[in-house]
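Have a look at the structure below before the remarks.
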C-alpha cells in the first residue's frame with residue numbers, strides 16, 4: 001500500500017497557519033518514520049522571500065513558489081476558501097478528506113490514515129460511552145454522593 005498524501009495550503013502571514021504548522025510537523029515526523037505519509041506545501045504567500053522563510057520550517061515537499069499556475073489550479077480544484085487548509089489523498093489520488101486541519105487537531109496520529117471510517121470510529125466510541133453512562137456517574141462525585 002502506498003502513502004497517504006496531505007496537500008497543505010498555508011502562508012507565512014497567516015497566524016492560524018503558524019499555530020497549526022508545528023502540529024502537522026509533529027504528525028509528519030511520526031508517520032514519516034514508518035514511511036506512510038507525505039505532505040506537499042502549496043503556498044499562498046505573495047513574496048518569494050516569505051515563502052522561502054516559512055518553507056524552511058517544513059520538512060516536506062512544496063509546489064515551487066514560481067509555479068503560480070499549479071498553485072492556483074490546486075486552490076481551485078480543492079475549493080480552498082481559507083487557510084490553513086489540509087486535504088488528504090490516498091496513494092491513488094482519491095480524496096480521503098478535506099478536513100485535515102480539524103482531523104490533525106482533534107485526533108492527531110489516531111486519525112491516520114485520515115479516512116472517514118477511521119475518523120468516525122472514535123466518535124462512535126464516545127457516543128456509546130455517553131449513551132451507556134448512568135446519570136449518577138455524571139452528577140455524583142467524591143464528597144457529594146447521590147446515595
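The values are calculated or read from the model by the stated rules, or taken from the named source; none is laboratory data. On a predicted model such as this, the values are computed, not experimentally measured, just so you know. All Cβ positions, even for glycine, are placed from backbone atoms using ideal geometry, and neighbour counts span all protein chains on display.
List the residue pairs whose Cβ atoms are under 8 Å apart, where the first residue sits in region 7-27 and is free of Cβ contacts under 8 Å to residues at least 60 places away in the same chain, the second is in a helix (DSSP H, G or I) and surrounded by 19 or more Cβ atoms within 10 Å (Cβ to Cβ), and the two are 6 or more positions apart or on different chains.
Partner pairs satisfying both residue conditions: 12/51; 12/54.
Looking only at region 2-24, decide whether some residue is closer than 21 Å to residue 107 by Cβ and part of a loop (DSSP other than H, G, I, E, B).
yes
Any residue that is in contact with a helix residue (DSSP H, G or I) (Cβ under 9 Å, 6 or more places away or on another chain) and surrounded by fewer than 19 Cβ atoms within 10 Å (Cβ to Cβ) - is there at least one of those in region 65-77?
Within region 65-77 (the criterion being in contact with a helix residue (DSSP H, G or I) (Cβ under 9 Å, 6 or more places away or on another chain) and surrounded by fewer than 19 Cβ atoms within 10 Å (Cβ to Cβ)), the answer is yes, since at least one residue qualifies.
Quick one: in region 14-43, which of the residues that are surrounded by fewer than 16 Cβ atoms within 10 Å (Cβ to Cβ) and in contact with a helix residue (DSSP H, G or I) (Cβ under 7 Å, 6 or more places away or on another chain) is modelled with the highest pLDDT?
Applying the filter and picking the extreme gives 23.
Collect the residues in region 82-104 that are part of a strand (DSSP E or B), free of Cβ contacts under 8 Å to residues at least 24 places away in the same chain and under 17 Å from residue 27 (Cβ atoms), keeping them in residue-number order.
97
Could you list all residues from region 1-59 that are within 17 Å of residue 96 (Cα to Cα) and out of contact with any strand residue (DSSP E or B) (no Cβ under 9 Å at 6 or more places or on another chain)?
Once the filter is applied, which keeps residues that are within 17 Å of residue 96 (Cα to Cα) and out of contact with any strand residue (DSSP E or B) (no Cβ under 9 Å at 6 or more places or on another chain), region 1-59 yields 1, 2.
For region 60-81, name all the residues that are touching a strand residue (DSSP E or B) at 6+ places or on another chain (Cβ under 8 Å) and not in a helix (DSSP H, G or I).
60, 61, 62, 63, 65, 78, 80
Looking at the structure I just gave you, is residue 37 within 23 Å of residue 3 (Cα to Cα) and in contact (Cβ under 8 Å) with a residue 24 or more places away in the chain?
yes
For residue 52, all conditions in the list (1) free of Cβ contacts under 8 Å to residues at least 60 places away in the same chain; (2) farther than 19 Å from residue 20 by Cα; (3) not in a loop (DSSP other than H, G, I, E, B) hold save one; what is the number of the exception?
Result: residue 52 fails condition (2) only.
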